[in-house]
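Chemist: For reference, the structure I am asking about is given below.
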Amino acid sequence: MTPVARLTRDPIDPTALLASVARPRHGAILLFLGVVREVNDGRPVTGIEYSAYEAMALRELAAIADETLARFDATDVAIEHRLGELALEEASVGIAVAHAHRGVAYDASRWVIEELKRRVPIWKREQYVDGTREWVDPTGRPTEAAVGGERR
Amino acid sequence: MSVTVLLFASYADALGTSSLAVDLPSNATVADVLAELRARPGAERLPPSPLVAVNQRYATAGSAVRAGDEVAVIPPVAGG
């Protein structure tokens, strides 16, 4: 079955993502959500606007999903990325991964989010408490990803 | 020949547009497209070697472009 790999302007539905990877053969299902965090690079953030080169982003998301199946044998995966204006605590990305055993599921989940951050043409513009907005450049200033809860 | 250049996020802000047509000689490459872009106001805000995709696939400066191709200049990606 073709894995889920899509962009959405609606809130990400974790239950639907989990259901899309559930199979009788799996003993582990992991859900990763990247969510909008209140502070980035020391600046108070009030929201993030996500935009994409949509046709290519869909192509890259689908490629990552296909590569996940090839790299992590007998895994199921679903990837969804949100576009538009997001408020604090809203999920910008959801990744569900299922495998017979937890070890592979953890590895695959981590691999998918790192690949997504590396190559999918999506951009975010942060809105700050002082009313200013700025495109986030993970390579160009001493900042880390605003979402995901971890450093790159 | 003409190709369509797509700009996104900070690069679209820099050039003041998200899409433009660029005329090039045949046998042109991605480097030629970027050279044409650099003649435009605001292009000084582009980095020396931006990421580029041709027809939705990552390409290099030496990649060939053909009439009607979609050449996207891609700012540092920030998904997730």
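FYI, it's all coordinate maths here, none of it is from the lab. Note that the structure is predicted; figures quoted are calculated from it, not measured. Using ideal geometry, Cβ is built from the backbone for each residue, glycine included, and neighbour counts are taken over all protein chains shown.
Chemist: Quickly estimate the mean residue ellipticity at 222 nm for chain B, helices only: each DSSP H run with n ≥ 4 gives -39500 (n - 2.57), and the total goes over all residues, rounded to 500. Intermediate values should be presented prior to the final figure.
Modeler: Working: 2 runs with 16 residues, N = 80.
Calculated at 222 nm, the ellipticity per residue is -5500 deg cm²/dmol.
Chemist: Per 10 Å bin, what is the whole-percent P(r) computed from every C-alpha pair distance within segment B:2-74?
Modeler: Spelled out per bin, shortest first, that is 22, 61, 17.
Chemist: Where does the protein assembly as shown land on the Kirkwood hydrodynamic radius, alpha-carbon pairs, in angstrom?
Modeler: Numbers: mean 1/r = 0.0534 Å⁻¹.
That comes to 18.7 Å for the protein assembly as shown.
Chemist: Still on this structure, I have one more. Any idea which of A:I79, A:W123, A:G42 is furthest toward the positive side of the dipole for the protein assembly as shown, if Lys and Arg beta-carbons carry +1 and Asp and Glu beta-carbons -1?
Modeler: Farthest along the dipole direction, towards plus: A:I79.
Chemist: What distance in nm separates the simple spin-label points at A:D107 and B:R57, each placed 7 Å from Cα in the Cβ direction?
Modeler: 2.9
Chemist: How far is it, in nm, from the label point at A:E89 to the one at A:A22 when both lie 7 Å from their Cα along the line to the Cβ?
Modeler: Here the answer is 2.6 nm between the modelled labels.
Chemist: Also, I was wondering about something else. With just the Cα atoms defining each centre, how far is segment B:50-80 from segment A:88-122? Give it in Å.
Modeler: Rounded to whole Å, the Cα centres lie 25 Å apart.
Chemist: Something else about it: Suppose every K and R has +1 on its Cβ and every D and E has -1 on its Cβ; what is the size of the dipole of chain B about the Cα centre, in Debye to the nearest 20? Working shown, then result.
Modeler: Details: 5 positive and 7 negative charges, 23 e Å.
The dipole of chain B has a size of about 120 debye.
Chemist: Another one. So if we plug the beta-carbon distance of B:N27 and A:R43 into 1/(1 + (r/R0)^6) with R0 = 45 Å, what FRET efficiency do we get, rounded to 0.05?
Modeler: With a Förster radius of 45 Å, E is 0.45.
Chemist: For a test of the definition: using alpha carbon positions, the gyration tensor, and the 1.5 limit on a/c, classify segment A:4-135 as rounded, prolate or oblate.
Modeler: Numbers: a/c = 2.29, a/b = 1.91, b/c = 1.20.
Prolate, because a/c is 1.5 or more and a/b exceeds b/c.
Chemist: Report relative contact order for chain A in percent, whole number only (criteria: Cα-Cα under 8 Å, sequence separation at least 6).
Modeler: Details: 311 pairs, mean separation 52.7, N = 152.
Over chain A, the number comes to 35 percent.
Chemist: Counting DSSP beta bridges in segment A:1-85, what percent are antiparallel, to the nearest 5? Please report the intermediate quantities before stating the final value.
Modeler: Working: 4 of 9 bridges.
DSSP beta bridges in segment A:1-85 are roughly 45 percent antiparallel.
Chemist: Could you give the nm distance between label points at A:A70 and B:S49, where each point is 7 Å from its Cα heading toward the beta carbon?
Modeler: So the two model labels end up 2.6 nm from each other.
Chemist: Taking square-rooted eigenvalues a ≥ b ≥ c of the alpha carbon gyration tensor, is segment B:32-80 rounded, prolate or oblate, where a/c under 1.5 means rounded and, failing that, a/b exceeding b/c means prolate? The partial results should precede the final answer.
Modeler: Numbers: a/c = 1.87, a/b = 1.02, b/c = 1.83.
Oblate is the answer for segment B:32-80, as a/c is 1.5 or above yet b/c matches or exceeds a/b.
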